[in-house]
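Any read-out appearing in this document is the output of simple, stated calculations on the displayed coordinates, not a laboratory observation. Predicted model, so just to flag it, every value in this text is computed and none were measured. For neighbour counting, all protein chains shown are included, and Cβ atoms are generated from backbone atoms with ideal geometry for every residue, glycine included.
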Amino acid sequence: MTYKFLNFEKVESTSDEVRNVIFKDPSQDVVVIADMQTRGRGRRGRRWYSPPGNLYFSFSKTPAINPAALGQISLVTGIAVHHVISKLLPSSAQIALKWPNDILVNKMKLGGILIETEQFPGCEYATCIIGIGINITSSPEMVAFPPCALRDYINELPDKDELARNIIDEFNRCYNVWLYDGFEKLRSEWLSLSYGLGKPVSARAENGFEIYGRFLTLSSDGAVVICDDDGNEYLVRSSEITYL
Ligand code: BTN
């Protein structure tokens, strides 16, 4: 799949730009990159501060699959970002994925992934708009984790367009494995790249209860499995897990 790259100096949010392009012409496959965003957003309605110097880009995919599986795209994207960023970092920097979408380096947040779904008129399947932010030169404050930037670890900083292209190429590779072979093919890989396996966590389970336990594993469809002290297992799909 070849995307058309659209570079902007300033947008409200690259994900909104992708949405606008598809709305006008659903056949367009675009990647929108911006030097800065004035209304960048993260998960759960948080702001994503987007000063110049960091990477902000979005693109879309419309997989012909059951909508219940779309949440897995966040994990698929995380694997792709991990593969690309880990090649840039020295071996002393520990890069890891925090479920569902944080890119951590030495337990500090380097980047995040925002997946938004939209049903466009005339399309049979929902479209996922995938937005990725990677701190390159600056580390804006974040809520859940102290932030970091690539500049903290490397002197020769990557070209932003090239970094985005590499992430998209790697994403497409992982996406095809996911689409044709299923998430199970990527599950153990995600676990091997993840942060906090076995650690004590809290989260809101599917039944609405706040639960405390250990991050046991990922289910076959990408939910976090938390095991409490009594051995009960809970699935967490749409919440956030907090390390205790
Ligand atoms: C998170 O960690 O909460 C996700 C952050 C995602 C930020 C990116 S930057 C590019 C794209 N445009 C946005 O407004 N958000 C995403």
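Exactly one residue among Phe120, Phe145, Phe171 is touching a residue at least 12 places away in the same chain (Cβ under 8 Å), aromatic (Phe, Trp, Tyr), within 15 Å of the ligand (Cβ to nearest atom) and part of a loop (DSSP other than H, G, I, E, B), and that residue is Phe145.
Give the range 35-64 a look and list any residue that's basic (Lys, Arg) and in a strand (DSSP E or B), or say none.
Matches in the range 35-64: Arg41, Arg47, Lys61.
Scanning the range 186-242 for residues that are assigned to a helix (DSSP H, G or I) and touching a residue at least 60 places away in the same chain (Cβ under 8 Å), we see that the one that is surrounded by the fewest Cβ atoms within 10 Å (Cβ to Cβ) is Glu189.
Residues checked against (1) among the β-branched types (Val, Ile, Thr); (2) over 20 Å from Phe5 (Cβ atoms):
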{"residue": "Pro52", "(1), (2)": "no, no"}
{"residue": "Thr62", "(1), (2)": "yes, no"}
{"residue": "Leu75", "(1), (2)": "no, yes"}
{"residue": "Ser86", "(1), (2)": "no, yes"}
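Just name the residue that is nearest to Tyr175 (Cα to Cα) out of those in the range 1-19 that are in a strand (DSSP E or B) and in contact (Cβ under 8 Å) with a residue 60 or more places away in the chain. Per the criteria, the residue is Phe5.
Considered as a group, the residues in the range 25-51 that are out of contact with any Lys or Arg (no Cβ under 9 Å at 6 or more places or on another chain) and more than 24 Å from Asn172 (Cα to Cα) include one that is surrounded by the fewest Cβ atoms within 10 Å (Cβ to Cβ), and that residue is Gly45. Quick check: anything in the range 83-101 within 11 Å of the ligand (Cβ to nearest atom) and among the hydrophobic types (A, V, I, L, M, F, W, C)? No, every residue in the range 83-101 fails to be within 11 Å of the ligand (Cβ to nearest atom) and among the hydrophobic types (A, V, I, L, M, F, W, C).
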